[in-house]
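Below: one structure, written as structure tokens.
Only the coordinates and a few stated rules stand behind these numbers; no lab work does. Since the model is a prediction, treat every value here as computed from it, not as a measurement. Positions of Cβ are generated from backbone atoms using ideal geometry, with glycine treated the same way; all protein chains shown enter the neighbour counts.
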Amino acid sequence: MFVDVAQVIVKAGDGGNGAVSFRHEKFIDKGGPDGGDGGKGGDVVFLASNNQNTLANFRYQKEIIAAPGQPGSKRRKHGRNGKDLVIMLPVGTTVLAADGTVLADLTEDQQKVVIAHGGKGGFGNAHFTSSTRQAPKVAEKGEAGDELTLTLELKMIADVGLVGLPNAGKSTLLSVISNAKPDIANYPFTTVTPNLGVVDIDKDTSLLFADIPGLIEGASKGKGLGDEFLRHVERNLVLLHLIDVYQDDIVGAYQTIQEELKAYKTDLSQRPQLVVLTKTDGLDQEIIDSVRNQLQKVLPKKAKLYQISAQSKAGVKELLFGVKQMVVKERKRLESTQEKDTGLPVLTISDHNSWRITKTGSGFMITGPKIERFAARTDFSSYHGLQRLRDIMRKMGIMHELTRQGIEPGQKITIGATGTFEY
């Protein structure tokens, strides 16, 4: 089953908690703290693979959860790290966040990206020993792993995309020039999923062709099948626009597809394109010339118009060499564009140590990256853990600002979405 869109919830492993422990051995009095650190949670890793060609695996598997880190234990034993979860996706998969932001674009085989990071393990009490604090009774909780709601979109990567109205002869052409076996029949929408085929142009050149299911008027707005598969055209270097020579309105057939390509969220009508009249066997050349003249009036200047018969293979060889020339030209253009794009990235510097205090009905709300992270690692049910958090707030100047704003004993201090305690 071909599936090219899927929604999943990804959860990286939580970090393990640190341990509070003191060494107890025969003949050794007051052995000191020996609580070990918690292990790191497993990452969720997406790996692009040519062995995958659909997102059907995620039709029912909606949650992807990596293993958590294990808690630390006595004798300074470090908790086991959670195992990373590697998920294979087809090459050409785009990973989108809930707001539509592109998080990853997997365009090459074996390309790997960590999409969700596991939480760090909490420190055990052995970590907090010092010359002035020789018996700490505090340990940290492990951090929560990243949790994301993602949309996976598969966009087929091909050198050439075959587009046209239903029954334009796309599947027939692909079956003749490659080893692909698409469904072929004399009715619209025979092809309901994109098909790929490798085409050997000559002994040195092979190109990947994609048969995009038939578009119709209104496809870019969700009508017919086109809206589902227009995304696959985005990845094609060159488009082969096929038109059935027996169409009642040749010009209208051409313009319908052009308008749908243009109306897509990315203007695909500007993609390098060859226009091909199909099924020309059995027609007088005079009729074909009349049709060609009609089309030439609406085609862009210097656009070359081909005519073929996939059944008899007439004109197919000439077409394939024309396709090769256009693909080579487009590759060179893209390479030169990438070489020219040497602008330095814009670096955004954020103040990790910054914080903000907001007065609420029951007390004060504190927000800020660093303090919220410390709070997330604090066990609010532990007296010693809370004392450590208060010390950190004092060093960061937060307690001084709370005093200046008139905080009173018994009022609530809330840190982000993590926890609340009394002043």
Exercise. Report the Stokes-Einstein translational diffusion coefficient (µm² s⁻¹, integer) for region 1-154, Rh taken as the Kirkwood radius over Cα pairs, at 20 °C with viscosity 1.002 mPa s.
Key: 125
Exercise. Post the alpha-carbon centroid distance, region 229-303 to region 118-135, in whole angstrom.
Key: 69
Quiz item: With the Cα gyration tensor of region 356-422 giving a ≥ b ≥ c as the square roots of its eigenvalues, does the rule (a/c under 1.5 for rounded; else a/b larger than b/c for prolate; else oblate) give rounded, prolate or oblate?
Solution: rounded
Quiz item: Is it possible to state the helix-based mean residue ellipticity at 222 nm for the chain, with each DSSP H run of 4+ residues giving -39500 (n - 2.57), the sum divided by total residues, to the nearest 500 deg cm²/dmol? What is it?
Solution: -6500 deg cm²/dmol
Quiz item: Among GLY13, GLY82, GLY100, whose mean-square fluctuation peaks in a Gaussian network model of the chain (Cα, cutoff 10 Å)?
Solution: GLY100
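By count of other Cβ within 10 Å, fewest leading, how are MET88, MET156 ordered? Show your work: numbers first, answer last.
Numbers: MET88 13, MET156 24.
Neighbour counts put them in this order, fewest first: MET88, MET156.
If we count other beta carbons within 10 Å of each Cβ, what is the order of LYS26, LYS77, LYS265, LYS279, fewest first? All intermediate terms of the calculation are to be shown ahead of the outcome.
Numbers: LYS26 4, LYS77 17, LYS265 9, LYS279 21.
Ranking LYS26, LYS77, LYS265, LYS279 by Cβ neighbours within 10 Å, fewest first, gives LYS26, LYS265, LYS77, LYS279.
Give me the tail of P(r) for region 245-387 as a percent: Cα-Cα pairs with distance above 20 Å. Display every interim value, and only then the final one.
Working: 7180 of 10153 pairs.
Summing the P(r) of region 245-387 above 20 Å gives 71 percent of all pairs.
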Quiz prompt | For region 1-80 and region 358-423, distance of Cα centres in Å | solution = 28
Quiz prompt | Placed amide H near ILE64: partners under 5 Å, 5+ positions off or other chain | solution = ILE9, VAL10, LYS11
Quiz prompt | Karplus-derived 3J(HN,Hα), 6.51/-1.76/1.60, for each residue of region 71-85, Hz, glycine and proline x | solution = x, x, 9, 5, 6, 6, 6, 7, x, 5, 6, x, 6, 5, 9
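Kirkwood hydrodynamic radius for the chain: how many Å is it when counted over pairs of different Cα atoms?
Numbers: mean 1/r = 0.0378 Å⁻¹.
Radius from the Kirkwood sum: 26.4 Å.
So if we plug the beta-carbon distance of ASP391 and GLU25 into 1/(1 + (r/R0)^6) with R0 = 45 Å, what FRET efficiency do we get, rounded to 0.05? Before the final figure, lay out each step's value.
Numbers: r = 31 Å, r/R0 = 0.69.
Computed FRET efficiency for ASP391 and GLU25 comes out at 0.90.
Return TYR306, TYR60, TYR383, TYR246 ranked ascending by Cβ neighbour count within 10 Å, so the fewest neighbours appear first. Walk me through the intermediate numbers first.
Working: TYR306 20, TYR60 7, TYR383 10, TYR246 14.
So the residues, fewest neighbours to most, are TYR60, TYR383, TYR246, TYR306.
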